[in-house]
Amino acid sequence: MDIQMFGKISDAFGPSGFEEDVIRTIAGYCKEFELSNDAMNNLYARMPGASAELPVIQLDAHTDECGFMVQNIQDNGCLGILMLGGFHLTSLPAHSVWVRTRTGKMVRGIICAKPVHFMTAAERGSQSLEIEKMYVDVGATSREEVEQEYGIHIGDPMVPDVSFSYDEEHKICFGKAFDNRAGCACIVDTMKMLYEDRDRLPVNVLGAFAAQEEVGMRGATVTSQVVKPDMAIVFEGSPSDDFFISAGQAQGRMKHGVQIRRMDNSYISNTAFMDYAEEIAQKYGIKFQETVRRGGSTNAGKISLTGKAVPVLVLGVPSRYVHSHYNFCAKEDLEAATKLAASVIRELDAERIRHICHQDILDQVK
Ligand SMILES: [Zn+2]
């Protein structure tokens, strides 16, 4: 994995509905592929020269990150906000954000709530936080100043103010939006690994970078209709649980390999596809961890329901504190995800695809 590439993709500005900067950044690393985009910021990267005869495998990752939108501008110059996607409210106050104006200017702001000095005893004792009572302060003193001097208007998007860095000694990445820029970097890396062998691949590999997942898997609803995949691999920067659950029970441990997701709220995974992926992981000594999520969802929920039903393999890169400003993930887990995906694709053949798509059920009729 080119960590510098991952850093640039992580730093790109792209809350749901505003993913242009992300897809431009990704496109810059995909010059060897055939690129196209659509009206909602979905980006497609096709392996050149791929045969239309072959089954299609869609590589999915969503490009959007959790962010905010200016909902109103107060008389005192503070910006009322709403969330694009789901942050946990306790992680927001006192963090800084970037607001992007309609001319593309970036303005730094601080998420503020009523300061503790001005709270009543009742307010101080209350644990409840509401996004309607949080504002972004850009340093202005009036609504007119915000609109005329800063050029900020209602509807303008914002994202956490975080810059990527890499701890070379411990091989740990720090930055924002690893959900799901980790997945985006995994598609690019996987396709680059397969590029040399593109004429010998058993399937037609197509990277689909989907917009607006955090607001309800909207991009993948479109990409899966366009791609019409026979199979799919979804990459996600999945939440780590190893900092509050014991090692024996944790299913998203950093530096313990790629997660193979057996279930979440959106999809119960195709057993044959997962079993095959685990067989490949064992064959090549790729570290993996099985995950059964009590909540959560991925684009697999949409892709699996397309056309004649699509088997999906969901691969997670354990990422700490996703849906808050600051994330950690390990280089080796990113690489486990891409190595597994590339090996799974290389070793497919017609018999295996038939087995995954039909699970041989009609061979064993009672
Ligand atoms: Zn995600």
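The values are calculated or read from the model by the stated rules, or taken from the named source; none is laboratory data. Predicted, not measured: the structure shown is a model, and the values here were computed from it. Ideal geometry is used to build each Cβ from the backbone, glycine not excepted, and the neighbour counts take in all protein chains shown.
Residues are listed down the side, and each one gets a yes or a no for (1) aromatic (Phe, Trp, Tyr); (2) surrounded by fewer than 24 Cβ atoms within 10 Å (Cβ to Cβ); (3) in contact with a helix residue (DSSP H, G or I) (Cβ under 8 Å, 6 or more places away or on another chain):
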{"position": "PRO15", "(1), (2), (3)": "no, no, no"}
{"position": "ASP21", "(1), (2), (3)": "no, yes, no"}
{"position": "ALA27", "(1), (2), (3)": "no, yes, no"}
{"position": "GLU34", "(1), (2), (3)": "no, yes, no"}
{"position": "MET40", "(1), (2), (3)": "no, yes, yes"}
{"position": "ALA52", "(1), (2), (3)": "no, yes, no"}
{"position": "GLU65", "(1), (2), (3)": "no, no, yes"}
{"position": "GLY85", "(1), (2), (3)": "no, yes, no"}
{"position": "HIS88", "(1), (2), (3)": "no, yes, no"}
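Please verify whether ARG102 is surrounded by fewer than 13 Cβ atoms within 10 Å (Cβ to Cβ), of a type in the set (Lys, Arg), free of Cβ contacts under 8 Å to residues at least 60 places away in the same chain and not in a helix (DSSP H, G or I), treating the condition exactly as stated.
When the stated conditions are applied, ARG102 passes them.
Out of TYR267, TYR276, TYR284, I need the residue that is within 16 Å of the ligand (Cβ to nearest atom), on the phi < 0 side of the Ramachandran plot and among the aromatic types (Phe, Trp, Tyr). Which one?
TYR267
Check off (1) assigned to a helix (DSSP H, G or I); (2) of a type in the set (Ser, Thr, Tyr); (3) within 13 Å of the ligand (Cβ to nearest atom) for THR298 and give me the number that stays unchecked.
The single condition THR298 does not satisfy is (1).
Sort out which residues of the range 155-171 are away from the ligand (no atom under 16 Å from the Cβ), in a strand (DSSP E or B) and under 28 Å from LEU89 (Cβ atoms), and write them in order of number.
Matches in the range 155-171: PRO157, MET158, SER165.
Any chance the range 98-114 includes a residue that's at positive phi and either at pLDDT 90 or above or not polar (S, T, N, Q) (or both)?
yes
Report, by residue number, each residue of the range 305-328 that is under 18 Å from GLY207 (Cα atoms), assigned to a loop (DSSP other than H, G, I, E, B) and either within 16 Å of the ligand (Cβ to nearest atom) or β-branched (Val, Ile, Thr) (or both).
THR306, VAL310, VAL317
Which ranges mark the strands (runs of 3 or more DSSP E) fully within the range 1-78 that have 2 or more residues being under 18 Å from ALA211 (Cβ atoms) and in contact with a Phe, Trp or Tyr (Cβ under 8 Å, 6 or more places away or on another chain)?
So the answer is 34-37, 43-46, 56-62.
Could you tell me whether the range 183-193 includes any residue that is among the aliphatic types (A, V, I, L, M), touching an Asp or Glu at 6+ places or on another chain (Cβ under 7 Å) and closer than 19 Å to CYS30 by Cα?
So far as the range 183-193 goes, no, none of its residues is among the aliphatic types (A, V, I, L, M), touching an Asp or Glu at 6+ places or on another chain (Cβ under 7 Å) and closer than 19 Å to CYS30 by Cα.
Could you list, in sequence order, the residues of the range 172-217 that are basic (Lys, Arg) and in a helix (DSSP H, G or I)?
ARG181, LYS192
Quick check on the range 266-282. Is at least one of its residues without any contact (Cβ under 8 Å) to a residue 40 or more places away in the chain and assigned to a loop (DSSP other than H, G, I, E, B)?
Among the residues of the range 266-282, not one is without any contact (Cβ under 8 Å) to a residue 40 or more places away in the chain and assigned to a loop (DSSP other than H, G, I, E, B), which makes the answer no.
Just need a number here: residues in the range 205-230 that are surrounded by 24 or more Cβ atoms within 10 Å (Cβ to Cβ) and among the hydrophobic types (A, V, I, L, M, F, W, C).
Residues meeting the conditions: 8.
Residues in the range 163-186 that are out of contact with any helix residue (DSSP H, G or I) (no Cβ under 8 Å at 6 or more places or on another chain) and more than 12 Å from GLY316 (Cα to Cα): how many?
Residues meeting the conditions: 5.
Mind listing just one residue for me: the one in the range 244-265 that is in a strand (DSSP E or B) and of a type in the set (A, V, I, L, M) and, of those, surrounded by the most Cβ atoms within 10 Å (Cβ to Cβ)?
Across the range 244-265, the extreme among qualifying residues is VAL258.
For the range 230-249, which positions are closer than 17 Å to GLY295 by Cα, within 21 Å of the chain's Cα centre (by Cα) and either of a type in the set (Ser, Thr, Tyr) or more than 13 Å from the ligand (Cβ to nearest atom) (or both)?
SER238, SER240, ASP241, ASP242
Any residue in the range 326-337 that's under 23 Å from HIS88 (Cβ atoms): show its pairings with residues that are part of a strand (DSSP E or B) and of a type in the set (A, V, I, L, M) at Cβ separation under 6 Å, as long as the two are six or more apart or on different chains.
Pairs found: PHE328/ILE172; ALA330/ILE172.
If only one of ILE233, ILE152 is outside any helix (DSSP H, G or I), buried (at least 22 other Cβ atoms within 10 Å of the Cβ) and out of contact with any Asp or Glu (no Cβ under 9 Å at 6 or more places or on another chain), which one is it?
None of the others qualify; the one that does is ILE152.
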